[in-house]
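The values are calculated or read from the model by the stated rules, or taken from the named source; none is laboratory data. Bear in mind the structure is a predicted one, so any value in this text is a computation, not a measurement. Please note: Cβ atoms are built from the backbone with ideal geometry, for glycine as well, and neighbour counts cover all protein chains shown.
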Amino acid sequence: MAYSLIKLLLDYSMLFVSLYIIVFFVMIFLKYRNKIYDVPKSDWQPKVSVVIPAYNEGILVEKCIRTVLASEYPKNKFEVILVDDGSTDDTYKIAKSINDSRLKVFTKTNSGKAASINFGIKHATGEVIATMDADSFIEKDTVVNMLPFFDSEDVAAVTAAVRVKPSNKWLQEVQRIEYLSIIFSRRLLSFLDAVPVTPGPFSMFRAWVFQRLGGFDETNIVEDHEMALRIQSNNYKIRCSIGAEVYTETPGNMSDLLKQRVRWYRGGIHNTINYRHLMSPKYGDYGVFVVPIILLTVLTFIPLLAFAYDSLINPPIYSFSLGFETLLLSINPVSIAGLFLVAFSFFWAYAAVKAFKNESGNPFTIFLFLVFYGYLTIVYNILTIVKEIRKERFSW
C-alpha cells in the first residue's frame, strides 16, 4: 500500500512539473513570439579577441581558424588566439602555418581545456573576448550579429546559435533536431534572463567578466556551464543571438555520444548542486524556474528508474493472460497526460525546426529524435550514477 501511494505521488508530481514547464514555455512564446528575431540597434565596434583552445584537432583546426579570420569585422579590431594544449598530432604546426597578422599561436603542456582558454584570455587584448571550440566553424556575420546584444553594461555574455550541418546519417540528424530545439528554447529563456549555459562552440564575453569573476574553472568538466552559473549568481545578464550561426561537429557513433552526454550530465549535476543558492527569487526567473526544474529532474530519476525496473520484473499477474490488452487497463490520467506531453514535444520540436529558414526536418526524423533521446536519457543517467559511484575522472 505504501509502495503504491509513493509511486502515485511521484507520478503526479512529475506530471505537474511537466505540465508546468509546458505552460511556462508556451506563455513565453506567446508573449515574445514577435521578438524572437529582433536585434538591438547598435554601431558598437569594440576590439574582439577570439580564443580557441585545441587538443589533437589537426584535421579541423585550419578550417576553424580560417572561418574566424574570414569574419566581416574591421581587421584592426580583431585578433585570433590559438592555444595548442600539448597536442600529440600536428595541430600546432598547421595553426602556425597560417599567415595572418591577426593570428597568434601558442603551445603549452597539456593541462585541459579550461586552462587553455584562461591562457589565451591572458594574452587577449580585446574589449570583448570570444571562446570557441576548435571543431566548430562560424559564418562571416556571426560576430557582427552577436555584438548588438551587448546593449547594456550588465550584459556579461552573448551566446550564438549552435547548429549541426544536415547529414544523411540518422545519428547526426537527430542531434541536428536537438540543437535546433535547444536554440529555440534558449532564445525564449533569454527574454527572462534565464540562459543556463555559455556554449563552448562559440560564446562572447565582456573582458571585465574574467577580471571581476575570474577565469574558467580549470577543475570543472563542463566549464561553459559553470561560467554561466557564475554570471547568473552575480546578477549579470546573458543574451542569445538566434541569427549568429556557429556549426559544430557532433559525435558520429553511440559510444562517443554517450561519453559526451555523461560528461555534460555529470558536470551539470555538480554545478547545479554547487550553485544551489541560485534557487531563490533573488535571481529572478532563473532562480524560481530553471534551477528548481534541474534539481527536481536529478532527484526524481532514481526513484522513477526503481519503479520502472520493478514493473518489468514484477508485472501484474493478469498481464500474462491478457497480453496486449493489459495496456487498456493501465490507462489513467497520468498515461493520458503522458501522451499529451509526447504530442506537445513533437510539435515543439517541429516549431523549432521551422523557426529557421534554412533548416528542414521531416516528421519521422523528429519522432525518431523524441524516441531516441527518451531512451538515451535513461542510459546516460544510469552511466552517470555508475561513474559517480566509481568517482571516475574525465579529460578533454
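Taken together, the residues in the range 166-225 that are in contact with a strand residue (DSSP E or B) (Cβ under 8 Å, 6 or more places away or on another chain) and of a type in the set (Gly, Ala, Ser) amount to 4.
Entry remark, the range 341-365: residues being of a type in the set (Val, Ile, Thr) and within 19 Å of the chain's Cα centre (by Cα) number 1 in total. For the range 82-96, a residue qualifies if it is surrounded by 15 or more Cβ atoms within 10 Å (Cβ to Cβ) and not in a loop (DSSP other than H, G, I, E, B), and the qualifying residues are Leu82, Val83, Asp84, Asp85, Thr91, Tyr92, Ile94, Ala95, Lys96. In this structure, Pro53 does satisfy being out of contact with any His (no Cβ under 9 Å at 6 or more places or on another chain) and in a strand (DSSP E or B).
Annotation: Met132 fulfils all but one of (1) in contact (Cβ under 8 Å) with a residue 40 or more places away in the chain; (2) surrounded by fewer than 21 Cβ atoms within 10 Å (Cβ to Cβ); (3) not small (Gly, Ala, Ser); the unmet one is (2).
Restrict the check to the range 42-53 and report whether at least one residue is assigned by TED's automatic domain parsing to the domain that holds Met132 and on the phi > 0 side of the Ramachandran plot. Within the range 42-53 (the criterion being assigned by TED's automatic domain parsing to the domain that holds Met132 and on the phi > 0 side of the Ramachandran plot), the answer is no, since none of the residues qualifies. Taking the listed residues Val143, Val174, Val155, the one that is buried (at least 22 other Cβ atoms within 10 Å of the Cβ) and modelled with pLDDT of 95 or more is Val143, with no other qualifying. Residues that are out of contact with any Cys (no Cβ under 7 Å at 6 or more places or on another chain), of a type outside the set (Asp, Glu), free of Cβ contacts under 8 Å to residues at least 40 places away in the same chain and part of a loop (DSSP other than H, G, I, E, B) occur at least once in the range 272-286. Scanning the range 223-231 turns up no residue that is in a loop (DSSP other than H, G, I, E, B) and touching a residue at least 60 places away in the same chain (Cβ under 8 Å). For first residues located in the range 347-361 and assigned to a loop (DSSP other than H, G, I, E, B), partners that are at pLDDT below 85 and lie 6+ apart or on another chain with Cβ distances below 9 Å do not occur. Scanning the range 97-109 for residues that are assigned to a loop (DSSP other than H, G, I, E, B) and within 21 Å of Glu223 (Cα to Cα) returns a single hit, Thr109. Counting only helices (runs of 4 or more DSSP H) that sit completely within the range 110-193, those holding 3 or more residues that are in the same structural domain as Thr248 (by TED's automatic domain parsing) and closer than 16 Å to Val39 by Cα correspond to 142-146, 170-190. Cβ-Cβ distances below 6 Å connect the following pairs, each with a first residue in the range 70-98 that is closer than 18 Å to Asn110 by Cα and among the aromatic types (Phe, Trp, Tyr), a second residue that is modelled with pLDDT of 95 or more and surrounded by 14 or more Cβ atoms within 10 Å (Cβ to Cβ), and a separation of six or more residues or different chains: Tyr92/Asp84; Tyr92/Thr107. For the range 208-216, indicate whether the set of residues that are modelled with pLDDT under 95, in the same structural domain as Asn118 (by TED's automatic domain parsing) and more than 13 Å from the chain's Cα centre (by Cα) is non-empty. No, the range 208-216 contains no residue that is modelled with pLDDT under 95, in the same structural domain as Asn118 (by TED's automatic domain parsing) and more than 13 Å from the chain's Cα centre (by Cα).
Only residues that are at pLDDT below 85 and among the basic types (Lys, Arg) were counted across the range 346-386, and they come to 1.
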